Every structure is written in C-alpha cells, then in structure tokens.
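Below: the structure, in structure tokens.
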Amino acid sequence: MDPALADGLSGPWVLVWLTVMVVLDGFIPPVPSEIALVAAGSLAVEGRMSAVVLVLLGTLGSWLSDIGVYLLFRHRMTGFLDRTGWGRQTHRTVRRVVERFGASSTYGAIIGVRFLAGGRLAASATAGVGEVPMRRFAGAAAIGGFLWSLWHVALGYVTGRATGLPFWTSAVIGTGVGVAVGLTVAAVVAVRHRRAAERAELHHPEAIPPENGPETP
C-alpha cells in the first residue's frame, strides 16, 4: 500500500468519521456503516488500526443512535420528521421492516433484529413506541451494539488474515459474506413471520381487518 494512503487511512480522523457513520446509520439505514467497519477490520490486520478500538467505537456509535431513535419514538417527537424527506424515509423504513419481520419490543429482538437491513432503526423505534423501560432498553442496545460491531469488524479482520490480500479486497470479500449471511437470516425470519401470520389468520380470522376496509392513519 502506498505510504501516504496508509497514513491517511490510519489517522485519528478516520475513527471519528467511522463513529459518525455508525451513528447516522441508526437514523438513515442506507449509510454503509457495516461496509466501513468491515473495511476497517481489514486494515487492522495490517496494524493500521486497533480491532479492539474499532469494536468499542462501533458499539458506542450504535448505542448512541439507538438511544436517539428510541427517545424520538418514546416521547412521540416524530411529527416534525414527516416534514423532511429523511423523516418520511425513516417512517417508511420502519413500516417496511415491521411488515416483513414483525413488530417486537422484546430484548431478544432489540439485540438480534439489528443484523437485518434497517433492523436497528425498526427495533429502536418499536421499543420506543412499546415503552420499553429506558434502562433495560439501553442495556439491550449496548449488548446488541457490541455484538453487531464485533461481527462486522471480525468479518474484515478474519478475511484479511485468511486471504492475505490488500485491505480493500478483503473488505469486499468480507462484505459479501456478511450480505449473504444477512440475506439468509432475513429470508428465514420473513418466512417464519409470514407463517405465524397465516396461522393467526387461520385460528382468529375475525382479528384480520377486511381487505377493503378503512386505512389506519
């Protein structure tokens, strides 16, 4: 790697940028914080970064954004969001993820759903709406953020260590593996959610609103 590029990629500003990306990703899922963490994990193989520091910063950024989303929805402070394109996109993302995987404010969901696309936002939002106690949510979000950050940093680190390829190549491979795993898990969860909904409709058809009924605002 070119020395000038290596020095730039290992500077302290990169860690700040990475943390900001993770925070933004909690509010705006298209922000590619997962890819950034995988790439940073690949750089850690070359000694340019500390894998431990990367995991800690990823955990901190994830936790801060989770708390922010939780508070917005817990205190019903989302009205102003619909005035902006970002806010409308946020609400659409939450609805889309909840419709596909189900709405749950259990601690297992708070920890696990974040590994699905848009899951961090949906889990924090539904926990806020469901009025999960702040202290318990913060604890579950911290555990989930740590596991999420560890997974992505480890993907880059292990791939870089196993292949010995340049960091950007290892990052691409690690990201591909992560996407494949995520898609597989998402498919399994979506199928299970659909089957559960079908069983509920079969046993309690009166609980299913009519197809042409009035829409809930």
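Bear in mind these aren't lab numbers, they're just calculated from the coordinates by the rules spelled out. Every value quoted in this text rests on a predicted model; they were computed, and no experiment measured them. Every residue, glycine as well, gets a Cβ built from its backbone with ideal geometry; the counts of neighbours run over all protein chains shown.
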Residues listed by number, region 26-48, amide nitrogen under 20 Å from Leu165 label point at 7 Å toward C-beta: 34-48
FRET E, pair Glu46, Ile143, Förster distance 25 Å, beta-carbon r, rounded to 0.05: 0.25
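Just to confirm a number: summing +1 for Lys and Arg and -1 for Asp and Glu over residues other than Tyr70 whose beta-carbon lies under 14 angstrom from that of Tyr70, what do you get?
Charge balance in the 14 Å sphere: +4.
Add +1 for every Lys or Arg and -1 for every Asp or Glu among the other residues with Cβ under 15 Å from the Cβ of Gly61, and state the total.
-1
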Net lengthening on full extension, Leu56/Val158 (0.36 nm per residue, minus Cα-Cα): 35.0 nm
Local electrostatic count, Glu131, Cβ distance below 15 Å [Lys/Arg +1, Asp/Glu -1]: +4
